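Asker: Pasting a structure below so you can have a look.
Where a number appears in this text, it was derived from the coordinates with a stated rule and is not lab data. Here the structure is a predicted model, which is why all the values come from computation and not from measurement. Glycine gets a Cβ as well: all are built from the backbone with ideal geometry, and neighbour counts include every protein chain shown.
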Amino acid sequence: MRAAGRASTGLLPGAWIVRDVSSASPQALLEAAADRVALAAMLDASGRHREAAESLRQALLAYERVLGPDHYEVAGVLQDLAGVAERAGEPERAAALRARALHIRRRVLGHTHRRSR
């Protein structure tokens, strides 16, 4: 079922995700990205790895667009996407995503921080 700018998650009755967000509002893009990350966690937990990965890719694009490609939040989404790739049977992709996330964390936090190891 679709409503203007919304799409059903297919997980719970009445659970919706924002589908179309104005590119003029960085805050709206970030909020929609956070919703997509949360949706991805639910999809992944229910075994819907491809849909989870797509939701995370959309969130990643928004975070990179608004915050930049080397922001700490981008590293978190990359880490989540790596986990989904691993569970979907894509270990090489997962390793590449984790490496990029680690690179960002090291640039942001430094090499000695516990989250950069």
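Asker: At 7 Å along the Cα-to-beta-carbon direction for both Tyr72 and Arg93, put a label point, then send me their distance in nm to one decimal.
Answerer: A separation of 2.9 nm, rounded to one decimal place.
Asker: May I ask you to evaluate 6.51 cos²θ - 1.76 cosθ + 1.60, the Karplus curve with θ = phi - 60°, for each residue of the range 68-82 and list the ³J(HN,Hα) values in order in whole Hz, giving x for glycine and proline?
Answerer: Once θ is set to phi - 60°, the couplings for the range 68-82 become x, x, 10, 7, 4, 5, 4, 4, x, 5, 4, 5, 4, 5, 5 Hz.
Asker: Where q = 0.11, 0.12, 0.14, 0.16 Å⁻¹, what log10 of I(q)/I(0) comes from the Debye formula for the range 25-116, counting one point per Cα?
Answerer: Taken in order of the listed q values, log10 I(q)/I(0) reads -0.30, -0.35, -0.48, -0.62.
Asker: Determine, for Leu56, Leu78, the number of other Cβ atoms within 10 Å of each Cβ, and report the residues in order from fewest to most.
Answerer: Leu78, Leu56
Asker: Sort Arg65, Arg50 so the one with the fewest other Cβ atoms within 10 Å of its own Cβ comes first.
Answerer: Arg50, Arg65
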